[in-house]
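**Q** Take a look at this one; I'll ask things after.
What follows draws every value from the coordinates through simple rules; no lab data is involved. As the structure is a prediction and not an experimental result, all values here were calculated from the model. As a convention, Cβ positions derive from the backbone with ideal geometry for all residues, glycine included, and neighbour counts pool all protein chains shown.
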Amino acid sequence: TTVQKNINDYDFVSVSPAANGTFTSGTQTVNYYYKRKDVGDVVVKYVEQGSNTPLDTPTTMSGAGKSGLTYTTTPKTITDYELVVTPANHTGTYPATGTTTVVYEYRRKNAGNITVNHYEVGGSTQ
């Protein structure tokens, strides 16, 4: 008789051949198969600082088969915006349950200077 193990972050799937049997003169191998457990997802949001207006589509990092594993998120490059807040939870461990939300905050870049000229019609005098 062989015995399956309880392994953190894994669920038992199957055993092949049977866990119980008769000894023979040759070597026998019994294989136990495990699958890493599913856990919560990580959702990454990209918002404008102050208004929390979404600036891009959120990214979802699936927790399927990720029990006990770590994640790392990265900010996106968003036209006309600069990153101002990288959250403390931009790296971490997938949540055992529920969803972890990571929020990157951006602010609009300052526009360049504008020069306005007023001319007389038909002339070059301001």
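**Q** Restricting to the stretch 93-119, name every residue that is closer than 16 Å to Met61 by Cβ and either surrounded by 15 or more Cβ atoms within 10 Å (Cβ to Cβ) or of a type in the set (S, T, N, Q) (or both). Don't jump to the end; show me each part of the working.
**A** As a first pass, look at the stretch 93-119 and keep what is closer than 16 Å to Met61 by Cβ: 93-104.
If the condition is that a residue be closer than 16 Å to Met61 by Cβ and either surrounded by 15 or more Cβ atoms within 10 Å (Cβ to Cβ) or of a type in the set (S, T, N, Q) (or both), then Thr93, Tyr94, Pro95, Thr97, Thr99, Thr100, Thr101, Val102, Val103, Tyr104 are the ones that fit.
**Q** If you don't mind, another one. Against the condition closer than 25 Å to Phe12 by Cβ and assigned to a strand (DSSP E or B), how does Lys45 come out, does it pass? Quick ask: steps written out before the conclusion?
**A** Details: closer than 25 Å to Phe12 by Cβ: no; assigned to a strand (DSSP E or B): yes.
No, not satisfied.
**Q** What do you reckon, is Ala111 of a type in the set (A, V, I, L, M, F, W, C) and closer than 30 Å to Asp38 by Cα? Before the answer, list the steps.
**A** Values: of a type in the set (A, V, I, L, M, F, W, C): yes; closer than 30 Å to Asp38 by Cα: no.
So Ala111 does not fit the description; no.
**Q** Would you pick out the residues in the stretch 16-59 that are of a type in the set (A, V, I, L, M) and either surrounded by 15 or more Cβ atoms within 10 Å (Cβ to Cβ) or touching a Gly at 6+ places or on another chain (Cβ under 9 Å) (or both)?
**A** Val30, Val39, Val42, Val43, Val44, Val47, Leu55
**Q** Determine which member of the set Gly63, Gly26 is free of Cβ contacts under 8 Å to residues at least 12 places away in the same chain and at negative phi. Explain how you work it out, then say what you get.
**A** Numbers: Gly63 fails: free of Cβ contacts under 8 Å to residues at least 12 places away in the same chain.
The conditions single out Gly26.
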